[in-house]
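Worksheet: the structure to be examined is printed underneath.
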Amino acid sequence: RRVLFRSKSILYYQKGTKDAAKVADDLEGVSAGFASESEVYFYYTDGSKQTLKYAKISGAKVGKITQLSDDYKNLIRVDGGVLFTSEVNSSYVGTLNIAKNGKVKKIDDDVYTSSVTVSNNGKKYYYLKGYSTSKYTGDLYVSSGAAGKKIDTDVYRNFTYVKDNLIYYLKDYSSKGKGDLYRYTGKATKVAEDVSSLKNTPNYYNPDKK
């Protein structure tokens, strides 16, 4: 198992019982992030901004540290890298990006940052786009790293991911506090009416989970 840990203002990487390797030091506000066999993503806070950084790892040697974003939000682990949002406004809407091998690629704009979730195998990313803060609705998308594919429109607040091709969400939510429950299995099907709420538990990718 690979871990990142902080001691005072120094960030360390450790694999199993081997000696810890120093990743970065003299970083006030440095925080842990995610580590794999060959790379590490970490971040620190400087005032109101969060900076995302990256380094390659070979054994106990840590390579050159590069900066990926100077104002990121919502770091999420995926297969082979991380997702993060940037340029987030006061409505929690911003740009969704993916970083792999230290290189950043934009996935989509106008993404509701609180909605982003990851498939069980870490290869697909689900999110709401075009979120309306007055209606609390957005369009549900899925991406594998390229431009997202639209699943459905006017999804209320959020959605519940169970597995790929099994997602639940609400639509047509009225001022009476009720809407229609839909199930997505490759196509959208209405399964119930007058549903008041849907439990939403974000799904996270864990490469160590068997």
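The values are calculated or read from the model by the stated rules, or taken from the named source; none is laboratory data. All of these numbers come straight from a predicted model, not from anything done at the bench. No Cβ is skipped: glycine too gets one built from the backbone with ideal geometry, and neighbour counts run over all protein chains shown. The accessibility values were calculated without ligands, DNA or RNA, using every heavy atom of the protein model including side chains. Shrake-Rupley method; radii C 1.70, N 1.55, O 1.52, S 1.80 Å.
Residue pairs whose Cβ atoms lie under 6 Å apart, sitting 6 or more positions apart in sequence or on different chains, and linking a residue in the range 64-78 that is free of Cβ contacts under 8 Å to residues at least 40 places away in the same chain to a partner that is surrounded by fewer than 19 Cβ atoms within 10 Å (Cβ to Cβ) and among the hydrophobic types (A, V, I, L, M, F, W, C), are LEU68/VAL104.
Which one is least open to solvent (accessible area, probe 1.4 Å), of the residues in the range 19-36 that are at pLDDT 70 or above, in a loop (DSSP other than H, G, I, E, B) and more than 16 Å from LEU75 (Cβ to Cβ)? Selected residue: ALA20. Does ILE107 satisfy the condition of being surrounded by 19 or more Cβ atoms within 10 Å (Cβ to Cβ), more than 25 Å from PHE34 (Cα to Cα) and in contact (Cβ under 8 Å) with a residue 24 or more places away in the chain? Judged against the criteria, ILE107 is not a match.
If the condition is being exposed (fewer than 13 other Cβ atoms within 10 Å of the Cβ) and closer than 17 Å to TYR141 by Cβ, then the range 169-184 contributes no residue at all.
If I ask for residues that are touching a Leu at 6+ places or on another chain (Cβ under 6 Å) and closer than 19 Å to TYR204 by Cα, which ones from the range 58-78 would you list? Within the range 58-78, TYR72, ILE76 meet the criteria.
Just to be sure, is THR85 touching a helix residue (DSSP H, G or I) at 6+ places or on another chain (Cβ under 6 Å), part of a strand (DSSP E or B) and either over 19 Å from ARG183 (Cα atoms) or aromatic (Phe, Trp, Tyr) (or both)? Yes: the conditions hold for THR85.
For the range 57-71, filtering for residues that are assigned to a strand (DSSP E or B) and at pLDDT below 85 leaves 4.
Looking across the range 135-161, the residues that are out of contact with any helix residue (DSSP H, G or I) (no Cβ under 9 Å at 6 or more places or on another chain), open to solvent by 70 Å² or more (accessible area, probe 1.4 Å) and either assigned to a strand (DSSP E or B) or not charged (D, E, K, R) (or both) come down to TYR136, SER144, ALA147, LYS149, LYS150, ASP154.
Inside the range 163-210, counting only strands (runs of 3 or more DSSP E) that do not spill past its ends, which hold 2 or more residues that are among the small types (Gly, Ala, Ser)?
Those strands (runs of 3 or more DSSP E) span 188-195.
Taken as a whole, the condition of being buried (at least 20 other Cβ atoms within 10 Å of the Cβ) and over 21 Å from TYR173 (Cβ atoms) applies to TYR125.
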